[in-house]
1. Is it true that residue 246 is within 21 Å of residue 146 (Cβ to Cβ) and in a strand (DSSP E or B)?
2. Among the residues in the stretch 176-183, are any surrounded by fewer than 16 Cβ atoms within 10 Å (Cβ to Cβ) and either outside the structural domain of residue 249 (by TED's automatic domain parsing) or closer than 24 Å to residue 235 by Cα (or both)?
3. Taking the conditions exactly as written (at pLDDT 75 or above, within 19 Å of the chain's Cα centre (by Cα) and either closer than 26 Å to residue 133 by Cα or assigned by TED's automatic domain parsing to the domain that holds residue 231 (or both)), does residue 29 satisfy them or not?
4. Would you check if there is a residue in the stretch 115-130 being within 17 Å of residue 212 (Cα to Cα), in contact with a helix residue (DSSP H, G or I) (Cβ under 9 Å, 6 or more places away or on another chain) and outside any helix (DSSP H, G or I)?
5. Quick check on residue 52: is it exposed (fewer than 11 other Cβ atoms within 10 Å of the Cβ) and at pLDDT 70 or above?
6. From the list 160, 144, which one is touching a residue at least 40 places away in the same chain (Cβ under 8 Å), buried (at least 19 other Cβ atoms within 10 Å of the Cβ) and either farther than 17 Å from residue 219 by Cα or touching a strand residue (DSSP E or B) at 6+ places or on another chain (Cβ under 6 Å) (or both)?
7. Inside the stretch 177-202, can you point out the residues that are over 14 Å from residue 157 (Cα atoms) and touching a strand residue (DSSP E or B) at 6+ places or on another chain (Cβ under 7 Å)?
8. Identify the residue in the stretch 91-126 that is free of Cβ contacts under 8 Å to residues at least 40 places away in the same chain and buried (at least 16 other Cβ atoms within 10 Å of the Cβ) and, among all such residues, is farthest from residue 54 (Cα to Cα).
């Protein structure tokens, strides 16, 4: 498995301009997900072993009761406790297996996306990152827009068309287009501030992706202005990195924690 990761990242790094540190971050994230999956599978096997042992004990108690031919209060109580423990262990095993399935599915999506975007990554047209445990496709505003404008450039439309082709192949996923700017105040008669500029750019990208065939129910748009920088705004290079569009894979509801227990009286 590790050799596969190294081969994949090696192919992606060829001619793409990634630093060793950026490639190592991708390798470390994949290794982390694989480690979680191995731990989950080990715990799943342990739970299965516990269930087998509890079932054997349960069967033994049932045989003892039948042999006695009468209800023995102590044995019935012991058997009841054992059955309760068995139900709890089975429920825990089912939850572990579901988490294992979700982890494997997320890892597969990440690997598949890296493979499909390989050419665009190598050409420096986009980056794929993990941000706050969410997969993010990042495009520089230099590819998509002219300075201070929110109309897509031809090369930006071409890049987005390729991206939509990949996203349409990922079933049951929603996406958010997020616009970001540097911290230089906006001076334009059209846009009052970086908030308006980043929001308009995000909406422009979302509309174009819908025109290219992405279902409108699967996409949303938001502007963050300069509030979420990925680099220092003290240099030209850092400000250029902060001027970007992100397409975020929104987590599915079954991947989020169950918060129903926080509601009083089930309301």
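The values are calculated or read from the model by the stated rules, or taken from the named source; none is laboratory data. Predicted, not measured: the structure shown is a model, and the values here were computed from it. Every residue, glycine as well, gets a Cβ built from its backbone with ideal geometry; the counts of neighbours run over all protein chains shown.
1. yes
2. Scanning the stretch 176-183, I find at least one residue that is surrounded by fewer than 16 Cβ atoms within 10 Å (Cβ to Cβ) and either outside the structural domain of residue 249 (by TED's automatic domain parsing) or closer than 24 Å to residue 235 by Cα (or both), so the answer is yes.
3. No.
4. Taking every residue of the stretch 115-130 in turn, none turns out to be within 17 Å of residue 212 (Cα to Cα), in contact with a helix residue (DSSP H, G or I) (Cβ under 9 Å, 6 or more places away or on another chain) and outside any helix (DSSP H, G or I).
5. In short, yes.
6. 144
7. Correct list: 177, 178, 179, 180, 195, 198, 199.
8. So, considering only residues that are free of Cβ contacts under 8 Å to residues at least 40 places away in the same chain and buried (at least 16 other Cβ atoms within 10 Å of the Cβ), the one farthest from residue 54 (Cα to Cα) is 125.
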